[in-house]
Amino acid sequence: MSHPRALLTALHRAAVEGAEPFTRTRDAVAQWVRANSGALRAPARVHLIGMGKASIAMTAGAVRALHDAALDPQHGIIVCANASAEQAREYARQLPPSFAIVEGDHPVPGPASLRAADLMEAAVQEVRAGDIAIVLLSGGTTALAAAPVAELSQMVGDAEQAQAHLANLADTLLESGLAIHEMNAIRRRMLRWGAGRLAVVLAERGVTHIPVFAISDVIGDDPSVIGSGPCSPDPLDAATFLALLDAHDIRNALQRDTARFLGISGTGHPPAVPSPSHPAFALVEYRLVARNSDAVRALADAARAHGITHVITETEPLEGDAAQLGDRLARYAIARARLLAPGESALLAFGGEPVVNLRAVYERAWEDDEVDADEAVEATPPRLQPKPDEPMRGGRMQLLALAAAFALEEAAASGDDVAWRITVLAAGTDGRDGPTDAAGAIVDAITPAVARREGRRPEQDLATGRSWFPLDAASALLRTGATGTNVMDVVAVLIRPARR
């Protein structure tokens, strides 16, 4: 068997390749073209609108499929992240020179996102009656192409001020530990291109077809959640929407104007969204190109190819608090390891997207720093900030990995020898876990001790949102660079064989 870190790194690579966007998009678009050949005759033109972390590769795949069918689109816009990455540049060279590529902000929308949304609007104005608009969606779309609806800009004064409200809302929701489907259910109400508004505008321009090809970065693969549903109607009525806000105590955390616009203060009502019965949605054909289960399946297949005796794929997605999941998965692996016969190995494969309640972490960080309460209040508006001399750094996968390492260390210290045979990979498929330079981490029972030897206090780092520091000190981080795709996270727990 290969060294655990080398093996798990290879398995993560296989997971990423299992959701590879170029080939999957090319094949899906080619299939759509064959099924709709009659609609693709001149003078109809084909426009491409790509949004998200995988948008450059997806657009290149779509262009290849169209070119192979003797259709060469000259109108396209791509809103992406990491356009300068080597892989992205390679795919960009395959695009027509007339295609516009623009980077937005992520994970919090800012001026670049507003500019990207404005350029999308200009691109939509190029559409004319009888044309076809192909929309390509992937993870990160909500932030990268975020811009306020006109009503919000009018209420607060201008688009720049409204964009600041979007940024504050994104911060608030990220801090609250909401799952992505909950965050997007709230954000899409305020987004120019969310909740089906892109489909409505395209229909008003006279398009005949709106085929949507999506790579899912959300549990459940709900079209209204992926990218905040640019071409999908919002399924929540006003009462359900308000109940969602109350369920997570969001009302009191929002800025006054944001709360007023969303209809949760004053005499207002939640902003109107296109009705599910709007004729624009009859033009939409939605196809899922890749999802988390594809990555997990590819990881499991690679594990079998490496000779792992037992490969177990868990179908229940990882949801909930990342640290709690890390502890639970490590203890589950210990129990499974005890069932193996001498010489047998195992790989437990999981997928999903845990969350981190950043607000709770911020509060623990301030408690850790022993900041005077009055000074903390004075120094912290409009929301809690991390420790000033060493900022919070980490992501949900790094948090999960560090928690798992503590559980393994505890079991090993109590004399449970199976803990020494377990190594845990936890990483995002996009190559970036939180605002860090790592996709995640690969840990075992010795990881916390190595971090302590390097001068870290990993228990305190775990509690205060600084998981990156001990993992970096222990050389446990997995750095892959941007992968060009995004289908949430994968966790692989390797159990090496016991000696015969």
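Some observations on this one:
- Sequence of 155, 183 once ranked by neighbouring C-beta atoms within 10 Å, starting from the fewest: 155, 183
- FRET E, pair residue 319, residue 499, Förster distance 41 Å, beta-carbon r, rounded to 0.05: 0.65
- Ordering of 415-427, 129-141 by burial proxy (mean other Cβ atoms within 10 Å per residue, highest first): 129-141, 415-427
- Rounded to 10°, Cα long-axis angle of helix 4-18 versus longest principal axis of the chain: 20 degrees
- Inter-site label distance for residue 272 and residue 260 at 7 Å from Cα along Cβ, in nm: 2.1 nm
- Percent antiparallel among DSSP beta bridges (both partners in the chain, rounded to 5): 40 percent
- Placing dummy labels 7 Å off each Cα toward the beta-carbon, the span from residue 205 to residue 84 is 3.0 nm.
- Order of 91, 286 - criterion: other Cβ atoms within 10 Å of each residue's Cβ, fewest first: 286, 91
- Modelled this way, with points 7 Å down the Cα-to-C-beta line, the labels at residue 125 and residue 248 are 3.5 nm from one another.
- Residues 127, 63 arranged by fewest to most Cβ contacts within 10 Å: 127, 63
- Hydrodynamic analysis of the range 389-500 uses the Kirkwood radius over alpha carbon pairs. Inserted into Stokes-Einstein at 4 °C and 1.567 mPa s, it gives a translational diffusion coefficient of 92 µm²/s.
- Cα centroid of the range 158-210 to Cα centroid of the range 1-79, whole Å: 24 Å
- Remark on the range 27-121: hydrodynamic radius 14.0 angstrom, per the Kirkwood mean of 1/r across alpha carbon pairs.
- Bins of 10 Å from zero: percent of alpha-carbon pairs in the range 20-290: 7, 32, 36, 18, 6, 0
- Structure-derived percent of Cα pairs over 41 Å apart: which label, when the choices are (i) 29; (ii) 19; (iii) 23: (iii)
- Figure legend: label point modelled 7 angstrom from the Cα of residue 240 along Cα→Cβ; residues of the range 174-192 with amide N under 19 Å from it are 179-191.
Each reported figure results from applying straightforward, stated rules to the coordinates on display, with no laboratory input. It should be emphasised that the depicted structure is a prediction, and the values quoted were computed from it without experimental measurement. Glycine also receives a Cβ, built like all others from the backbone with ideal geometry; neighbour counts cover every protein chain displayed.
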